[in-house]
1. When a/c is below 1.5 the answer is rounded, else prolate if a/b is larger than b/c, else oblate, so apply that to the chain with a ≥ b ≥ c taken from the square roots of the Cα gyration tensor eigenvalues.
2. Sorting Val7, Val179, Val227 on the 10 Å Cβ count, fewest up front, what's the list?
3. Apply the Karplus curve 6.51 cos²θ - 1.76 cosθ + 1.60, θ = phi - 60°, to the phi angles in segment 269-281 and return the couplings in whole Hz, x for Gly and Pro.
4. Under a cut-off of 20 Å between alpha-carbon atoms, report the lysines in cross-link reach of Lys226, not counting same-chain residues fewer than 8 places apart.
5. Rounded to the nearest Å, what's the spacing between the alpha carbon centres of segment 55-72 and segment 267-307? Just the number, please.
6. For a quick check: sort Tyr297, Tyr253, Tyr34 by the number of other beta carbons within 10 angstrom, fewest at the front.
7. Top mean-square fluctuation among Val80, Val243, Val168, Gaussian network model of the chain, C-alpha springs under 10 Å?
Amino acid sequence: MLPVVVVHGGAGHIPKERSKNSMSGVCSATRAGYAVLKGGGSSMDAVVEAVTQLENNPSFNAGCGSVLTVKGDVEMDAIVMDGKTLGSGAVSAVRNIANPVQLARLVMDKTSHACLTAEGASQFARSMGVPEVPQESLITEYARMRWKKNLAPGANPVECQMGKMGTVGAVAVDSEGNVACATSTGGILNKMEGRVGDTPCIGCGGYADNQTGAVSTTGHGEAIMKVTLARLILFHMEQGQSVEAASDLGLAYMKSRVEGLGGVVTVDPQGNWAARFSSLQMAWAAAQKDTLHYGLYCGEHFTQSIEDPN
C-alpha cells in the first residue's frame with residue numbers, strides 16, 4: 001500500500017474553461033510528490049514538493065495566482081505538519097514569497113516556534129536566504145479581474161469564492177509509515193488586510209499524527225476553523241472510522257453546524273486514502289502502486305498508469 005500521496009487543488013465550483021488546467025495541475029503535482037517518495041524521500045519532502053508545484057501554477061489560489069485583499073495585495077498562508085514528531089511550521093499574511101509552504105517548513109525545522117506572521121515571517125525568510133519576489137509576479141490577470149468585480153457594491157466575495165480556484169494541499173505516507181500534510185492558500189477574495197483563515201492553524205488547515213493519519217483541508221476558512229475540521233476527521237478515525245467515512249462525517253458536521261462547504265484529502269499510516277468534498281467540485285489526484293487516481297466531480301474516479309504522460 002505504501003507509499004502514497006494525495007493532492008487537492010481546492011473545493012468549490014471551477015469554471016469549465018479552468019477545470020482542465022486544475023486537473024492537469026493536481027496530476028502533475030501528484031506525480032512530483034510520488035517521485036520524491038519513490039526516490040526514498042520522506043512524506044514531508046513529498047507534500048512540500050507537491051504543494052510547491054501548485055504554488056508555482058497560476059491556476060490555483062496559492063503562491064502565483066493568489067486572490068487579492070480588499071486593497072489589491074497578496075497575503076498568503078501555509079502550514080506543514082510532521083506526523084512522526086507532531087512538529088509543525090506555519091506562516092500567515094506573507095507577501096513577497098514565491099513558495100510559502102517552503103517557508104513554513106523552515107519555521108518548523110529552524111525555529112522553536114510553530115507560526116510566524118507578516119513582517120516577522122519576512123524577516124525570518126531573509127535570514128534564511130529565501131529570495132523575495134516582487135508582488136506583481138504573484139498577481140495574475142484573473143485574480144485582478146475578480147478583485148475588481150468584487151469591489152462592486154452588493155458583491156458577495158465569499159459566495160463568489162466558492163470555486164474558480166482554491167486552497168491547495170497534500171498528504172502523504174512514506175515507505176516507513178510516516179505521515180505528513182501541507183496546505184497553502186492566498187485566502188478568500190477581497191479579504192480584509194491581515195485576515196488569516198484556517199490554513200496556517202494546526203488542526204484546521206491540516207493535521208498529521210502517525211498514530212492516526214493526516215488531513216489537508218480546503219473550503220471557507222472561517223467555517224473550517226469553527227469545527228477544527230482536520231482534527232475532527234482524525235478524531236473520527238481514532239474512533240475506528242475509515243478514512244472515507246471519517247472525512248464524510250467531518251464535512252457533514254461542518255455543513256450542518258455552520259453551513260460550511262469544503263473538501264479534504266486524508267490518509268492513514270497503512271496507506272488507505274480518501275479525497276472527499278461537500279462542494280460541487282474539487283480537483284484531486286492520488287498516486288499509489290504506480291497508479292494515478294484523479295477526479296473533479298462527486299463520484300468521479302479515473303485511473304491510469306503513473307507513467308502515462310496525459
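Quick note: the coordinates plus some simple rules give every number you see, no bench work behind them. This one's a predicted model, so the numbers in the text were calculated from it and none came from an experiment. Cβ placement follows ideal geometry from the backbone for every residue including glycine, while neighbour counts extend to all protein chains displayed.
1. Working: a/c = 1.37, a/b = 1.21, b/c = 1.14.
Rounded.
2. Going from least to most buried by this count: Val227, Val179, Val7.
3. Going residue by residue, I get x, 7, x, 6, 9, 8, 10, 10, 7, 9, 7, 5, 9 Hz, with x marking Gly and Pro.
4. Filter leaves Lys191, Lys255.
5. The distance from the Cα centre of segment 55-72 to that of segment 267-307 comes to 24 Å.
6. Tyr297, Tyr253, Tyr34
7. Top of the fluctuation ranking is Val243.
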